[in-house]
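S.K.: My structure is below; once you've seen it, I'll send some questions.
The values are calculated or read from the model by the stated rules, or taken from the named source; none is laboratory data. Everything quoted here is computed from the prediction, not taken from an experiment. Cβ: placed from backbone, ideal geometry, glycine included. Neighbour counts: every protein chain shown. Keep in mind that these areas ignore ligands, DNA and RNA; they rest on the heavy atoms of the full protein, side chains included. Shrake-Rupley method; radii C 1.70, N 1.55, O 1.52, S 1.80 Å.
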Amino acid sequence: MSPSNKVKKERVVVICPGRGTYNKDELGYLKRLHADKTEIVDLIDEYRVTQDQVPIADLDGAQKFSMAKHTAGENASALIYACALSDYLSIDQDNYDIVGVTGNSMGWYIALAVAGALNRQSSIKLINTMGSMMTDGIIGGQIIYPVMDESWNLHPDHDSQIANWLSQVNSVKGSEVYVSIYLGGYIVFGGNLIGLKALEEILPPIDERYPLNLFNHAAFHTPLLEEISQIAKSQLSVELFNEPEIPLIDGLGNIWQPYSTDIRQLYEYTLGAQVVEPYNFSKAIEVAIKEFAPDKLIILGPGATLGGATAQCLINNRWLGFENKDDFISHQKQEPFILSMGMEEQRNLATNKS
């Protein structure tokens, strides 16, 4: 094929999933979709054996899904990492040029791995260590709550509403609640149990589902995890990190570029600010689309729950002219902008398999 006849690659930003993405429907994800990637699973399980932990091959191959076992931090983190990395390696890079990588919450650690800022051994050590920090007891918890209307537009006064709710709740004796994640049309709150109970009482119920407590989730990205940050720095060395090979967009919206990244600063952010300050996934997506102008966004599996939040970020920024949920869905049906690899049809587009 002559150079003039070569198919032009589409520019894509890859999005890595967070902790809540391996659920009952995803059981067997590795065995079903990535039987050819035993090297990845073996490397992870060799490390986990040294930590006296259940192999992810056994978790993924279990007969039944167990909320207690599969969502526990020390298991979910390694399991989701294996699924996401395997998906990343399945992307058709003859047709797609990966120009940036970002993620949501724990997805930041996966983003570091797929972007080359951590090698395979360093990746599982960091991800498994961070996921295993609270095996003796979870610190606080998280509640997710929508701050958008039915059209997926943010409520105009959502910022003042959030500030008011936090002010009310934190006036209760012994209460500590913070914004944990800005997640498209949702806010994830993190706090101690006293504070989260008070928050549940003042948040107006929506669709008989919200406010929703996230099972087995700690108060990630809040000052309550300051001790975890310090422990992590004592257990994990800066030598684990490299300069990324692909630009990374973090949870503050900063871009870490190849050749200009200060590795010490990347280490400090990952085990410092990223652990104890709000993770702004919405800002990360805004930076991804505005700075890299991708032709598509590819969301790694397992699961497909991040697709809605990502679409809400696009609507909030009026990207591609999207003004509401219907605009986005209509565009997706004709020419998908978001490819969620946890959905078979979109996965096939990402991997170029019919």
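S.K.: When you scan the range 55-66, do you find a residue that is open to solvent by 20 Å² or more (accessible area, probe 1.4 Å) and either among the β-branched types (Val, Ile, Thr) or in contact (Cβ under 8 Å) with a residue 60 or more places away in the chain (or both), even just one?
M.R.: Within the range 55-66, none of the residues are open to solvent by 20 Å² or more (accessible area, probe 1.4 Å) and either among the β-branched types (Val, Ile, Thr) or in contact (Cβ under 8 Å) with a residue 60 or more places away in the chain (or both).
S.K.: For residue 111, indicate whether it is modelled with pLDDT of 95 or more, open to solvent by less than 40 Å² (accessible area, probe 1.4 Å) and in contact with a Cys (Cβ under 6 Å, 6 or more places away or on another chain).
M.R.: yes
S.K.: Need the failing condition index for residue 227 against (1) buried (at least 16 other Cβ atoms within 10 Å of the Cβ); (2) more than 26 Å from residue 99 (Cα to Cα); (3) among the acidic types (Asp, Glu), just the number.
M.R.: Just one mismatch for residue 227, condition (1).
S.K.: Just give me the residues in the range 232-278 being within 17 Å of residue 115 (Cβ to Cβ) and among the hydroxyl-bearing types (Ser, Thr, Tyr), in sequence order.
M.R.: Within the range 232-278, 259, 260, 261, 267, 269, 270 qualify.
S.K.: In the range 275-295, what residues are in contact with a strand residue (DSSP E or B) (Cβ under 6 Å, 6 or more places away or on another chain) and either over 14 Å from residue 108 (Cβ atoms) or open to solvent by 10 Å² or more (accessible area, probe 1.4 Å) (or both)?
M.R.: Once the filter is applied, which keeps residues that are in contact with a strand residue (DSSP E or B) (Cβ under 6 Å, 6 or more places away or on another chain) and either over 14 Å from residue 108 (Cβ atoms) or open to solvent by 10 Å² or more (accessible area, probe 1.4 Å) (or both), the range 275-295 yields 278, 280, 282, 287, 292, 294, 295.
S.K.: Given the conditions (1) in contact with a strand residue (DSSP E or B) (Cβ under 8 Å, 6 or more places away or on another chain); (2) at pLDDT below 95; (3) farther than 25 Å from residue 154 by Cβ, report the number of the one that residue 352 does not fulfil.
M.R.: All conditions pass for residue 352, except number (1).
S.K.: Please state which one of 346, 332, 312 is part of a helix (DSSP H, G or I) and touching a residue at least 60 places away in the same chain (Cβ under 8 Å).
M.R.: Step by step, each of 346, 332, 312 is checked, and only 312 is part of a helix (DSSP H, G or I) and touching a residue at least 60 places away in the same chain (Cβ under 8 Å).
S.K.: Just need a number here: residues in the range 22-39 that are closer than 14 Å to residue 69 by Cα, part of a helix (DSSP H, G or I) and polar (S, T, N, Q).
M.R.: 0
S.K.: Turning to a different aspect of this structure: Which ones in the range 256-269 are crowded, with 18+ Cβ neighbours inside 10 Å and within 23 Å of residue 286 (Cβ to Cβ)?
M.R.: 256, 261, 266, 269
S.K.: May I pose another question? Here are some residues: 190, 272, 174, 251. Which one is assigned to a helix (DSSP H, G or I) and open to solvent by less than 60 Å² (accessible area, probe 1.4 Å)?
M.R.: Being assigned to a helix (DSSP H, G or I) and open to solvent by less than 60 Å² (accessible area, probe 1.4 Å) holds for just one of 190, 272, 174, 251, which is 272.
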